[in-house]
Amino acid sequence: MAGGPPKQVRGARLVAKVMSATIAELARVGPDHLSIEEVAERAAVNKTTIYRRWPSPRALARDALMCAAEGSSGTLDTGSLRGDLAAMAREFRRVARSPDMQTIMRLRFGGAPRGPLADLTSDLEEKRHARSRAILSRAVARGELPRGTDVELLHDVVLGALLYLVVFARKPSDAARLERAVHVILDGAVHARPARRAASRRGTATRTPQPRKRT
């Protein structure tokens, strides 16, 4: 590299530089073509420094994605469902505001449901989904949502709205708009009919009207 070997950094500063460079490279080339050499060049560190901590591009990519979402796996409990979901929406926006992360999320959710990027993010996504489902289940237990609320469906609706408003919409939403969206969704959920049991639905679906007898 021109100008001599890069100046070495250590500790948290080194990790931050490498993680940032890895996210940028993932956004540029995807996980299939991630190269430790290219990451080292972008981060201005020696490739041997990276290899000591991350022996493979896959290990490097996984740590970088976890680092990019740092702070999004803790417990959220503001004392109310609306407060919890508003905080979750702000956090989602914070993580996704980076242009590189937006590119990665578009690749992840706009591509095939299975593949290298899906494999890398599956554990992280499941932890985050479990946390948001827990928020909704806790709200049912507190009486903020009706008993029988379809938690899985409500979870998918909230997540889908956040993905669209933050990642896929032409004009990304600000925090206030995300909070309004949360209130719109919850207003519908609070007044929705509780989900009926599957057996009841099946019984209704299979019941056919009897023809009238002719007289």
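Nothing in this text is a laboratory measurement; each read-out follows from the coordinates by a stated rule. Since the structure is predicted, the reported quantities are computational estimates derived from the model, not experimental observations. Cβ: placed from backbone, ideal geometry, glycine included. Neighbour counts: every protein chain shown.
Below is a table of values for the structure above.
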{"read-out": "Extension gain (nm, one decimal) between His183 and Arg170, 0.36 nm per residue minus Cα-Cα", "value": "2.5 nm"}
{"read-out": "Spacing of the two label points (7 Å from each Cα toward its C-beta) at Ser35 and Ala87, in nm", "value": "4.4"}
{"read-out": "Alpha-carbon spread of region 11-68, three principal axes, descending order, Å", "value": "26, 20, 18"}
{"read-out": "For Thr78, Thr103, order by how many other beta-carbon atoms lie within 10 Å, fewest first", "value": "Thr78, Thr103"}
{"read-out": "Region 81-192: equivalent-ellipsoid semi-axes (sqrt of 5 x gyration tensor eigenvalues, Cα, Å)", "value": "25, 17, 11"}
{"read-out": "Calculated FRET value between Phe109 and Ala59, using beta carbons and R₀ = 30 Å, to 0.05", "value": "0.80"}
{"read-out": "Reciprocal of mean inverse Cα separation for region 18-150 (Kirkwood radius, Å)", "value": "16.4"}
{"read-out": "Taking region 81-192 and dividing mean pair separation by its residue count, relative contact order in percent (alpha carbons under 8 Å, at least six apart)", "value": "40"}
{"read-out": "Computed E for Arg28/Ser98 - FRET, C-beta separation, R0 22 angstrom, nearest 0.05", "value": "0.95"}
